[in-house]
Amino acid sequence: MSTSPILPQRDIIYDRETRSYAMELDGELVGFARTRGEAETTLDELVYQLRLSRPLSEAEALAHELTAVHPGLSLTDALDIANQKIDAVLAYAAYDAAVSAQAHPALAA
């Protein structure tokens with residue numbers, strides 16, 4: 001199962017000519033800032049808004065549930081666990097479908 005990263009790639013590039021900082025998310029220019037600190041803050045806010053505007057994947061939702069139940073668990077570790085659990089469930093479902101198809105060939109058609 002392939003997963004996309006939780007956060008987009010952030011880049012801050014200083015432009016000597018304009019003396020400003022170009023801000024990029026996943027290689028796409030999103031704006032300019034006067035200082036590096038302002039650029040970091042702005043990108044943090046943009047990423048936060050992007051996260052709010054899209055639904056969580058199944059693994060992300062499960063990871064959040066895991067961290068709620070186990071407060072000492074980091075979100076990164078919880079996401080790894082969630083992905084493993086989802087992969088296991090999908091593998092079992094594929095196995096179960098194959099066994100059912102062999103036991104009941106008429107249903108597989």
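The values are calculated or read from the model by the stated rules, or taken from the named source; none is laboratory data. Note that the coordinates shown come from a computational prediction; the quantities given were computed from them, not determined experimentally. Cβ atoms come from the backbone with ideal geometry, glycine included; neighbour counts cover every protein chain shown. For accessibility, only protein heavy atoms count, side chains too; no ligands or nucleic acids. Shrake-Rupley method; radii C 1.70, N 1.55, O 1.52, S 1.80 Å.
With no solvent and one point on each alpha carbon, what is the Debye value of log10 I(q)/I(0) for the range 38-93 at q = 0.29 Å⁻¹? So the normalised log intensities work out to -1.02. Helix 36-53 and the longest principal axis of the C-alpha atoms of the chain enclose an angle of approximately 30°.
Note on the chain: with charges restricted to the Cβ of Lys and Arg (+1) and Asp and Glu (-1), its dipole about the Cα centre is near 60 debye. Taken one residue at a time, the phi angles of the range 8-24 give Karplus couplings (6.51, -1.76, 1.60, θ = phi - 60°) of x, 5, 10, 9, 10, 10, 7, 9, 4, 5, 8, 6, 9, 10, 7, 10, 10 Hz. Gly and Pro are set to x. Each other residue within a Cβ distance under 13 Å of D11 adds +1 if Lys or Arg and -1 if Asp or Glu, for a net charge of -3. Rounded to the nearest 0.05, the FRET efficiency derived from the C-beta distance between V30 and D80 at R0 = 25 Å is 0.30.
Modelled this way, with points 7 Å down the Cα-to-C-beta line, the labels at L52 and R19 are 3.4 nm from one another.
For the chain, the solvent-accessible area with a 1.4 angstrom probe is 74 square angstrom per residue. Around the Cα centre of the range 56-109, unit charges on the Cβ atoms of Lys, Arg, Asp and Glu (plus for the first two, minus for the last two) sum to a dipole of about 180 debye. Expressed as a fraction of 2.2 N^0.38 Å, the value expected for a compact globular protein of N residues, the C-alpha radius of gyration of the chain is 1.64.
Between the residues I13, L52, T67, the greatest Cα displacement towards the positive end of the dipole of the range 2-72, with unit charges on the Cβ of Lys, Arg, Asp and Glu, is found for I13.
Where Lys and Arg each count +1 and Asp and Glu each count -1, what net charge lies around Y48 among other residues with Cβ under 14 Å from its Cβ? Could you put the intermediate results ahead of the total?
Working: positive: R10, R51, R54; negative: E40, D44, E45.
Combined, the nearby Lys, Arg, Asp and Glu give 0.
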